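Below is one structure; the comments refer to it alone.
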Amino acid sequence: MTIDPEKNIHFSPTHRLQWEEAQQKDVILYPEGMVELNQSSAEILKLCNGSRKVEQIVEELERKFETTGLGNDINAFLEVALQNGWITQE
Amino acid sequence: MAGSHKSNITPPRWLLAELTYACPLQCPYCSNPLNYAKYPSELSTDDWKRVLTQARKMGAVQLGLSGGEPLVRKDLSELVKHARQLGYYSNLITSGYGLTEERIVELKQAGLDHIQVSIQASSQELNDHIAGTVSYEHKREVAHLVKKHGYPMVLCVVIHRENIHQMQQILEMAEELGADYLELANTQYYGWAHANRDLLLPTREQFEQAEAIAQAYKERVAGKMKIYYVVPDYYEDRPKACMNGWGTTFLTIAPDGVALPCHSARELPGLDCPNVNDYSIEAIWNESKAFNFFRGFDWMKEPCRSCDEKEKDFGGCRCQAYLLTGDMYNTDPVCSKSPNRHVVQEAIDSAKSASLVPGEKPLIFRNSKNSRDFA
Ligand code: SF4
Ligand code: SF4
C-alpha cells in the first residue's frame, strides 16, 4: 500500500481525530485504542478531508508555515498513516 | 480517605462502565465475580451520567460499555448520547444477543463509535454449547448488520480448550464476516474461568499450535484485518503489565457503583473499594485507599522490590497473586522469579490430567443459580 498522488486523501470514517483538553494534544481514537499526535502530524491529518491530494496538502502546509521542502516528511508520514488505516484513498 | 501519592498521579484514560450483571448468556469463562448475584442493585441513568461527566473532566476518553450484557439496559442509547456529547469514544462490548437492526441504527444516531461482538466458536453447535444459549446464527447476523451500518467491526473470540482446535476456522469466519479487527483472547483465569480452569486451560502444545496458525494468518490478512492476540500468561515467564499499572490508566465502575482499579479488584480483601454514590470520581481516583493501595512500587515484596524489571510489569497482577498464592502482595506467580511459580505449573498439570479423563466433572455455567451457590 502506497499513497497514490492522483487520488484525494480522506480521514478514515472508522477513526476519530479529536483535540483532548486534558492532554493538550490531538489524538486519534479507534476501537479500544488511542494515538497521541504531535502538532505537525495533527496539522497534516486535519487536511485529509477528501478534497486534497498529497501535492495540495504539501502546498498548503508550506504556505501556512512559510517554508519549503516539507514534501518528503509529509509523504513519509502519510505512508505511515495509510499503513495504520488512519487515512484512505477510496 | 488517605492519600500521599497525589503529586505523581496520572488521570484516568479508560472508563469501563459495567452497566449490569444481567446477561442472557452463561459463558463458563465469564470475568464477572462468581458471587455477582449478591450485588443486584444498579446505578440509575442519572448516576451513570454524573460518573461519565466527572471522569471525562479528569481526562477519560475511551469508554467501554459492558456488563453482563449492556443491551439489557433500556437507557443505553441515552447514555451513549451523553457520552458522545462529552467527547468520549464509546465502545459497546456485547454478546450481540438481542441486538436488532433498529437498535443498531438508534445507537449509531446516538453517537456510538464501535461495537465489539463476541462469538464463542466457529460452529453453531460449539458456540451454543459454550454460550449456554442458542445464539450463533443471530450473532452472525448481528456482525453483518454492524458492518452494514458503518461501524468498525470487532469480533472477539475467547480461546480455551474447548475451541482452540478451531483456530483456523475462527480466523476464516472472521475474514468472511468482514471483521476489521479480530481479538483472539486466550482465557484469563479469574472469576468463572478460574472455577472452570481444569476444563478450559489448553496444553502448551495446543497453545503453540494455535498461536502459529494465528501468526501465519495475521501476515496473510495484514492491512485488511487486524488481529490482536491476547497471550495466555500461564505459559509465559513474565507476567502481564496488569492495567498498565494500578491506578494509572483504568477505572472500572461495577453495576452497583463500586469503583474498581481493575475489574477483579472487588475480590481482594481490605481494599474498601469506594462507591460513586458516596464520592466524586476525582476523590475516588486521587484519594481513596483502594486506588492508592498498589500505586507506585512501595508496596512490593521481594523479588519484585529489587527487580530491574518492575517498571515494565509492575510485579504483574494483584488479583492473580491473591487468587493463586493467597497473598495479594506477592509477585505474580506467572513470573519465573516468583518462589510460587510451582502453583502455575500445578494448575497446568492438573488441567492436563483432567483433559485425559473427559466428562469427569461438568463446566459450571455462569448464571444466577450457580452464582448464589458461591455467595
Ligand atoms: S462473558 Fe458471556 S456470560 Fe459473561 S457477561 Fe459476557 S456474554 Fe455474558
Ligand atoms: S520479579 Fe516482579 S518485577 Fe521482576 S520480572 Fe518478576 S514480576 Fe516483574
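Would you say B:Leu182 is open to solvent by less than 40 Å² (accessible area, probe 1.4 Å), within 16 Å of ligand 1 (Cβ to nearest atom) and not polar (S, T, N, Q)? Break it down into steps so the answer makes sense when it comes.
Working: open to solvent by less than 40 Å² (accessible area, probe 1.4 Å): yes; within 16 Å of ligand 1 (Cβ to nearest atom): no; not polar (S, T, N, Q): yes.
Answer is no for this residue.
Which residues, counting only those in the range B:209-250, are part of a helix (DSSP H, G or I) and crowded, with 20+ Cβ neighbours inside 10 Å? Quick ask: steps written out before the conclusion?
So in the range B:209-250, the residues part of a helix (DSSP H, G or I) come out as B:209-220, B:233-235, B:242-244.
Those that are part of a helix (DSSP H, G or I) and crowded, with 20+ Cβ neighbours inside 10 Å: B:Ala210, B:Tyr217, B:Asp233, B:Tyr234, B:Cys242, B:Met243.
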Could you name every one of the helices (runs of 4 or more DSSP H) located completely within the range B:275-334 that has at least 3 residues being open to solvent by less than 50 Å² (accessible area, probe 1.4 Å) and within 15 Å of ligand 2 (Cβ to nearest atom)? B:318-325
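Name the single residue that is nearest to ligand 1 (Cβ to nearest atom) among those in the range B:15-46 being closer than 30 Å to A:Val27 by Cβ and open to solvent by 30 Å² or more (accessible area, probe 1.4 Å). Don't jump to the end; show me each part of the working.
Keep residues of the range B:15-46 that are closer than 30 Å to A:Val27 by Cβ, which gives B:15-20, B:31, B:43, B:45-46.
Add one more test, that the residue is open to solvent by 30 Å² or more (accessible area, probe 1.4 Å), and what stays is B:16, B:31, B:45-46.
Values: B:Leu16: 13, B:Ser31: 7, B:Thr45: 21, B:Asp46: 24 Å.
Among residues in the range B:15-46 that are closer than 30 Å to A:Val27 by Cβ and open to solvent by 30 Å² or more (accessible area, probe 1.4 Å), the one nearest to ligand 1 (Cβ to nearest atom) is B:Ser31.
Report whether or not B:Thr53 is more than 14 Å from chain A (Cβ to nearest Cβ) and either polar (S, T, N, Q) or farther than 30 Å from B:Lys148 by Cβ (or both).
Values: more than 14 Å from chain A (Cβ to nearest Cβ): no; either polar (S, T, N, Q) or farther than 30 Å from B:Lys148 by Cβ (or both): yes.
Against the criterion (more than 14 Å from chain A (Cβ to nearest Cβ) and either polar (S, T, N, Q) or farther than 30 Å from B:Lys148 by Cβ (or both)), B:Thr53 does not qualify.
So, of the residues in the range B:144-168 that are within 14 Å of chain A (Cβ to nearest Cβ) and not in a strand (DSSP E or B), which turns out to be nearest to B:Arg204 (Cα to Cα)? It would help to see each step written out before you state the result.
If we filter the range B:144-168 for residues that are within 14 Å of chain A (Cβ to nearest Cβ), which is where we start, we get B:146-156.
From what's left, not in a strand (DSSP E or B): B:146-152.
On the way: B:Val146: 35, B:Lys147: 35, B:Lys148: 39, B:His149: 40, B:Gly150: 39, B:Tyr151: 36, B:Pro152: 33 Å.
Among residues in the range B:144-168 that are within 14 Å of chain A (Cβ to nearest Cβ) and not in a strand (DSSP E or B), the one nearest to B:Arg204 (Cα to Cα) is B:Pro152.
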Considering residues that are touching a strand residue (DSSP E or B) at 6+ places or on another chain (Cβ under 6 Å) and open to solvent by 60 Å² or more (accessible area, probe 1.4 Å), the number found within the range A:33-75 is 1
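The values are calculated or read from the model by the stated rules, or taken from the named source; none is laboratory data. For clarity, every value in this text was computed on a predicted model and none was experimentally measured. Reconstructed Cβ throughout: ideal geometry from the backbone, glycine too, with neighbour counts over all protein chains shown. Areas reflect the complete protein model, heavy atoms only, side chains present, ligands, DNA and RNA absent. Shrake-Rupley method; radii C 1.70, N 1.55, O 1.52, S 1.80 Å.
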